[in-house]
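In what follows, a structure is listed as structure tokens, so that the remarks can point back to it.
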């Protein structure tokens, strides 16, 4: 609606057309069964990339985006904490969905049935599942943690508590990793003995909190889901072995993949890339990600770091959350300028 020279992100658009070309090439060779929803799934994902590549640089207001990200993250975290308290003390599940709206996803009906029968004990806030909640709030958690501005202590604490209560394995591990990285960066920059003592006091406090956390049922459940439960372990780590060592893949499939076919089981992003696009696609993804990470600074680098680590245990790179993450990652011509000096560089 405004008169300005259009600036697109050519690399993202090139990736989108590369995926489309990959689909077109695989169809004649019978690698993709057109009876399923592979084509629609691929086109939907391409639309995510094209939308960001064509419009984010000119029209994404970073400052407004960060404000909305903050408000929604804090609100959804407070809501999840209330959900957890009611669920575990009153056996009442406070729905995060607007009453009266029809549910279009069958899994949501199943989720509601499980809560009624008492099978599920994990709050989801206003999201479909705990993993989606974690994927959303981790972006603000990381940006706020590494910001050189005055820390949003309330937001960081509330989100941290909510991540623990959500039971999201990936969310908890990434949050712990971000805190450890932040403390290490803080120690590296400090040369005043008083500040060093204060940092060690913070570390000691966090260690005591973690020790107390290990004595809770939430921690036991987290450890069981992450490392002991066959479902959680297979979903996050076991499927790496199943995909990468699949004896039924021929040489062409190992190099070029199968396209974005439907999976019945849970498979994280990294093995999905291999299965979808083969070793060639996985190699290009790793190369492009590392190159982009070295070039980025500030909140863009923090956002990319969270996204890349999340790909190890979640499907985040192939869902709608990729639109939000990429909008913060790519170089934007800000409508309201945000100074990069206000965000730590992670170096």
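All of the numbers you see were taken from the coordinates with simple rules; none came from a lab. Keep in mind it's a predicted model, so treat the numbers as computed, not measured. Cβ: placed from backbone, ideal geometry, glycine included. Neighbour counts: every protein chain shown.
May I ask you to order 40-48, 245-253 by the average number of other C-beta atoms within 10 Å around their residues, highest value first?
Final packing ranking: 40-48, 245-253.
Starting from 0.36 nm per residue, how many nanometres of slack lie between residue 67 and residue 183 once their C-alpha separation is accounted for?
Fully extending the segment from residue 67 to residue 183 adds 39.3 nm.
Length available on full extension from residue 128 to residue 280: 0.36 nm per residue minus the Cα-Cα distance, which gives 51.4 nm.
Neighbour counts of other C-beta atoms within 10 Å: give me 192, 37 arranged from fewest to most. Could the numbers behind the result be given before it?
Values: 192 8, 37 12.
Fewest-to-most ranking of 192, 37: 192, 37.
Each principal axis of segment 139-178 carries a Cα extent, and these read 30, 17, 13 Å when sorted largest first.
Checking the a/c ratio against 1.5 first, then a/b against b/c, what shape does the Cα gyration tensor give for segment 247-287?
Oblate, because a/c is 1.5 or more while a/b does not exceed b/c.
With a simple spin-label model that places each label point 7 Å from the Cα along the Cα-to-Cβ direction, the separation between residue 154 and residue 191 comes to 3.7 nm.
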